[in-house]
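Take a look at the structure set out below.
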Amino acid sequence: MTNKQKVFIKTFGCRTNLFDSQVMLSHLEDFEIIENENEADIIIVNSCTVTNGADSGVRGYVNSANKMGAKVYLTGCGAHTKGESLFNADKVFGVFGQSEKAKINEMLKKETKFYEIGDLDFIDDTVVEEFIGKSRAFIKIQEGCNFRCSYCIIPFVRGDARSHDEEKILEQIRRLAANGFGEFVLTGTNVGSYGQGEKRSMAGLLKRMSQIKGVRRIRIGSMEPIQITEEFKELLGEPWLEKHLHVAIQHSSQEMLRIMNRRNRVESDIKLLNELSQKGFALGTDFIVGHPGETDALWKEAMENLKQMPLTHVHAFTYSKRDGTPSATMKGEINGLVSKERMLELNALITANNLDFRQKHRVPLEVLIESEKGNIYAGLDQFFNRIEVECEHDLSGNWITIEEYEINEEANYARL
Ligand code: SF4
């Protein structure tokens with residue numbers, strides 16, 4: 001029984017925040033890390049601020065953490081947008097920016113309230129040894145974004161794009177691979193901008209990563225269409241690269257891309273996605289439905305263009321206002337019910353594409369088992385499709401090759 005104070009980290013938002021939480025956990029030498037927030041003396045809220053909805057989610061959680069009687073600290077992207085108001089309202093004892101997270105062990109010992117927002121130029125140099133509760137490792141390789149999409153606040157809370165030290169990244173992967181991790185997911189704010197403006201590239205990093213003992217599969221969180229270079233395309237046949245790419249288009253009407261201040265173009269997106277699909281890749285994307293200006297005519301055009309894009313996965317969101325962004329003051333707002341209808345239409349199309357893809361690509365599936373319920377195990381295959389496996393013996397954390405399986409609406413299914 002230690003008399004160390006018990007710390008719980010609540011992580012909101014994206015994979016980059018997941019990595020940041022792992023960094024904080026790795027620095028908490030003088031505290032006990034727990035997974036049950038009700039027993040916590042201290043709760044760290046690693047917040048997200050991507051939408052107004054995300055903000056209210058964080059605010060709600062901070063209130064409930066206070067009611068649990070824990071000492072509450074705020075970090076993450078929300079520290080830059082909501083930190084000051086929550087600090088002045090005595091809702092949190094301390095606020096610290098992402099640049100300060102490696103100092104967490106000392107900051108939690110402070111006896112007076114503090115507000116240390118830090119800077120937006122920092123680059124992490126912590127090497128984490130493990131990923132608690134995960135069977136694959138998320139590796140942050142870059143931070144920040146130089147794009148200025150009109151609906152997005154992220155560049156203002158994560159800073160401009162900058163890449164982590166390549167030797168540190170490789171050291172990170174060596175350590176995790178030595179600790180049994182075989183699958184690595186590259187993450188960041190705008191992952192594809194890794195190495196930008198420097199004499200290095202995503203493709204170069206991938207080649208070096210693939211030579212590390214124990215690296216079995218590499219996934220890339222998300223890339224912008226313009227970041228898929230010829231050098232990168234040369235790697236598409238490599239066995240260690242997942243057979244799925246997430247290429248963020250955000251919309252498929254040229255006029256909407258202009259309104260959203262996006263850098264991609266519908267025509268080149270159609271060409272690129274078909275090129276990747278012809279190489280056997282499953283393709284995911286991000287898509288925002290209901291952004292101001294999305295008239296019926298533009299939506300109709302967008303769906304026609306989308307039918308020419310061989311997409312198999314989609315992270316679709318209905319537009320949600322984010323104060324402080326250009327889109328927040330734009331005219332031509334779309335009715336919420338209309339957005340919902342469009343979202344259903346979009347998801348129905350991509351779901352049908354996914355089933356069609358699985359039927360046309362009936363090949364052995366390389367699966368890393370990540371979860372279980374009774375004797376049903378689940379994991380993702382090389383195409384980033386979910387498969388459920390019925391088996392009497394324990395498969396957790398295993399890599400398995402599945403030859404025989406059923407293709408059902410939602411997911412593939414196998415019995416071993
Ligand atoms: S690419 Fe656009 S949407 Fe993505 S983080 Fe940058 S500004 Fe935001």
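The values are calculated or read from the model by the stated rules, or taken from the named source; none is laboratory data. On a predicted model such as this, the values are computed, not experimentally measured, just so you know. Neighbour counts are summed over all protein chains in view; Cβ atoms, including those assigned to glycine, are modelled from backbone coordinates with ideal geometry. To get the accessible areas, we keep the full protein, side chains included, count just its heavy atoms, and leave off ligands, DNA and RNA. Shrake-Rupley method; radii C 1.70, N 1.55, O 1.52, S 1.80 Å.
Listing for the model above:
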{"quantity": "Residue list for segment 147-165, filter: under 27 Å from ASN264 (Cβ atoms) and either surrounded by fewer than 16 Cβ atoms within 10 Å (Cβ to Cβ) or away from the ligand (no atom under 16 Å from the Cβ) (or both)", "calculated": "ARG148, ASP160, HIS164"}
{"quantity": "Residue list for segment 62-104, filter: open to solvent by 10 Å² or more (accessible area, probe 1.4 Å) and either assigned by TED's automatic domain parsing to the domain that holds GLY144 or polar (S, T, N, Q) (or both)", "calculated": "ASN63, SER64, ASN66, THR81, SER85, ASN88, SER99"}
{"quantity": "Boolean, ARG263 is within 16 Å of the ligand (Cβ to nearest atom), in contact with a Phe, Trp or Tyr (Cβ under 8 Å, 6 or more places away or on another chain), farther than 18 Å from PHE357 by Cβ and modelled with pLDDT of 95 or more", "calculated": "yes"}
{"quantity": "Subset of segment 203-229 (residues that are aliphatic (A, V, I, L, M), open to solvent by 10 Å² or more (accessible area, probe 1.4 Å) and within 16 Å of the ligand (Cβ to nearest atom))", "calculated": "ILE226, ILE228"}
{"quantity": "Single condition GLN250 does not satisfy, out of (1) out of contact with any Asp or Glu (no Cβ under 8 Å at 6 or more places or on another chain); (2) at positive phi; (3) of a type outside the set (Gly, Ala, Ser)", "calculated": "(1)"}
{"quantity": "Boolean, GLU345 is over 18 Å from GLY53 (Cα atoms) and within 26 Å of the chain's Cα centre (by Cα)", "calculated": "yes"}
{"quantity": "Criterion (within 16 Å of the ligand (Cβ to nearest atom) and at positive phi) met by exactly one of GLY118, GLY78, GLY144", "calculated": "GLY144"}
{"quantity": "Members of segment 266-308 that are more than 16 Å from the ligand (Cβ to nearest atom), polar (S, T, N, Q) and either closer than 24 Å to GLU230 by Cβ or not in a loop (DSSP other than H, G, I, E, B) (or both)", "calculated": "SER268, ASN274, SER277, GLN278, ASN305, GLN308"}
{"quantity": "Filter pass, ARG258 being assigned by TED's automatic domain parsing to the domain that holds ASN354, touching a residue at least 24 places away in the same chain (Cβ under 8 Å), out of contact with any strand residue (DSSP E or B) (no Cβ under 9 Å at 6 or more places or on another chain) and within 16 Å of the ligand (Cβ to nearest atom)", "calculated": "no"}
{"quantity": "Residue in segment 113-135 that is buried (at least 19 other Cβ atoms within 10 Å of the Cβ), among the aliphatic types (A, V, I, L, M) and not assigned by TED's automatic domain parsing to the domain that holds LYS71 present", "calculated": "yes"}
